[in-house]
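Beneath this line is the structure, given in structure tokens, with notes to follow.
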Amino acid sequence: MLTVEIISPEKAIHRTTGVEVILPTTAGELGIRTGHLPLLAQLKSGTVVVKKENGKDEILATFGGIVEVFENTVYLMVDSAELADDLDELKVQEAIHRAEELKAEAKNTGDLKTASAMLAKNFTRLKAVRRFKHHGHHARPIKDEEKPN
């Protein structure tokens, strides 16, 4: 059994256990199981899946950071993270709409970067909540035209 600890600069966010953890790293998606060799890797924003013995996945939207694997513990040191079951899909979609409007109305590079970051963060949330709603089954993929530019 793996222990998974998710930590932000401000606080410990979540602690759980599972039989496997699937992570979005800058080198690609990575699966960790019991007995994995020590590892240190850079995380990218995306969906973390903690596979449980009972078959129910625990899903989180994470935003940047690093992962360290040591002695059957997976430490995720992230900028921030949110449990998918705490997210409301309708509110996330509304946030995407607001970010798209801000992006369209951007008057300078700073405004454009802020709106683009908001858009990317909310698409990560949407992916996590959809995956959670489908209990680990593949949710409807986000179409290319829905992805941030």
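Tabulated data
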read-out	value
Residue in region 98-119 that is closer than 15 Å to Ile13 by Cβ and at pLDDT 85 or above present	no
Residues of region 58-72 satisfying the condition of being assigned to a strand (DSSP E or B) and of a type outside the set (Phe, Trp, Tyr)	Glu58, Ile59, Leu60, Ala61, Thr62, Gly64, Gly65, Ile66, Val67, Glu68, Val69
Positions within region 57-82 being open to solvent by 40 Å² or more (accessible area, probe 1.4 Å) and touching a residue at least 40 places away in the same chain (Cβ under 8 Å), in sequence order	Asn72, Tyr75, Met77, Asp79, Glu82
Extreme residue, farthest from Leu83 (Cα to Cα), among residues of region 39-56 that are part of a strand (DSSP E or B) and open to solvent by 80 Å² or more (accessible area, probe 1.4 Å)	Leu40
Selected residue (criterion: farthest from the chain's Cα centre (by Cα)) from residues of region 15-38 that are closer than 16 Å to Ala128 by Cβ and open to solvent by 10 Å² or more (accessible area, probe 1.4 Å)	Thr16
Residue match in region 19-38 (condition: farther than 20 Å from Lys127 by Cα and assigned to a strand (DSSP E or B))	yes
Residues of region 1-14 satisfying the condition of being farther than 19 Å from Val129 by Cβ, open to solvent by 50 Å² or more (accessible area, probe 1.4 Å) and in contact (Cβ under 8 Å) with a residue 60 or more places away in the chain	Met1, Ile7, Pro9
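The values are calculated or read from the model by the stated rules, or taken from the named source; none is laboratory data. Since this is a predicted model, take the numbers as computed values, not measurements. Glycine gets a Cβ as well: all are built from the backbone with ideal geometry, and neighbour counts include every protein chain shown. Please note that ligands, DNA and RNA were not included when accessible areas were found on the heavy atoms of the full protein model with its side chains. Shrake-Rupley method; radii C 1.70, N 1.55, O 1.52, S 1.80 Å.
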